[in-house]
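Presented below is the structure to which this report refers.
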Amino acid sequence: MNFSPHSWDLSVSREIQEDQNMILDMAMKALSWLGTVYVAAIMVFLFALVFFIFKYIREGVFMLSCILSGGVSYVLKMLIDRPRPTIDFVRIVEETHYQSFPSGHVLFYTVFFGSLVIIALYSKILKISLKLLIALACLTMIILGATSRIYLGAHWFTDVIGGFIVGILFLMITGSIYIRSKNKT
């Protein structure tokens with residue numbers, strides 16, 4: 001399959017990759033590492049476990065639902081079958097496998113960190129300042145995670161946008177179930 005990226009994909013990739021250095025390469029790899037399958041699964045299970053230990057069962061189940069985003073990502077990647085960026089177009093810092101659309105990392109970051117935002121905002125024990133701090137930290141992680149995928153040459157801009165959109169749709173479904181269950185008590 002011969003693939004040529006659209007001009008906006010190339011423009012965004014070149015802009016994000018413009019200032020390259022070893023420290024930034026390492027920082028972007030570290031950010032991206034959090035979205036790898038095994039690390040993501042461990043993060044989900046650890047957060048769910050903490051919620052279960054403290055008897056926040058709904059929150060624990062909500063966190064466990066984040067695992068399903070991996071399946072959604074996999075199915076969409078197989079159906080769409082879009083190739084990843086190549087060295088013909090961008091600098092590849094991190095070799096990746098499988099298809100490109102949507103970005104599974106961004107989908108996961110949106111779902112995982114978005115779930116934490118929803119849990120924090122609907123918490124009855126957190127002060128508003130802590131809710132806002134958690135929300136800001138989580139949104140920062142989503143944005144930095146997305147940026148890292150383009151910087152590393154693992155995804156096109158439109159892959160990242162697709163990951164955001166699918167992640168938000170997933171979060172709208174799981175988040176509404178969580179919120180409705182909280183409102184029943």
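Candidates are the residues of the stretch 145-158 that are of a type in the set (A, V, I, L, M, F, W, C) and open to solvent by less than 10 Å² (accessible area, probe 1.4 Å); the one that is farthest from residue 10 (Cα to Cα) is 146.
Taking the criterion of being among the charged types (D, E, K, R) and surrounded by 19 or more Cβ atoms within 10 Å (Cβ to Cβ), the only residue of the stretch 83-106 that qualifies is 84. Screening the candidates 65, 73, 129 for the property of being assigned to a helix (DSSP H, G or I), out of contact with any Asp or Glu (no Cβ under 6 Å at 6 or more places or on another chain), of a type in the set (Gly, Ala, Ser) and open to solvent by 60 Å² or more (accessible area, probe 1.4 Å) yields one hit, 129.
In the stretch 159-185, the qualifying residues are those that are modelled with pLDDT under 95 and of a type in the set (Ser, Thr, Tyr), and the one that is surrounded by the most Cβ atoms within 10 Å (Cβ to Cβ) is 181. Of all the numbered requirements in (1) modelled with pLDDT of 95 or more; (2) surrounded by 15 or more Cβ atoms within 10 Å (Cβ to Cβ); (3) over 12 Å from the mean Cα position of the chain (by Cα); (4) β-branched (Val, Ile, Thr), residue 142 misses one, and that requirement is (3). Could you look through the stretch 99-129, keep only residues that are within 20 Å of residue 55 (Cα to Cα) and of a type in the set (Ser, Thr, Tyr), and pick out the one that is nearest to the chain's Cα centre (by Cα)? Of everything passing the filter in the stretch 99-129, 115 is nearest to the chain's Cα centre (by Cα). One residue alone among 57, 119, 42 is farther than 28 Å from residue 151 by Cβ and surrounded by fewer than 17 Cβ atoms within 10 Å (Cβ to Cβ), and that residue is 57.
The values are calculated or read from the model by the stated rules, or taken from the named source; none is laboratory data. Just so we're clear, the structure is a prediction, and the values are computed from it rather than from any experiment. Using ideal geometry, Cβ is built from the backbone for each residue, glycine included, and neighbour counts are taken over all protein chains shown. Protein only, heavy atoms only, side chains kept; ligands, DNA and RNA dropped before computing areas. Shrake-Rupley method; radii C 1.70, N 1.55, O 1.52, S 1.80 Å.
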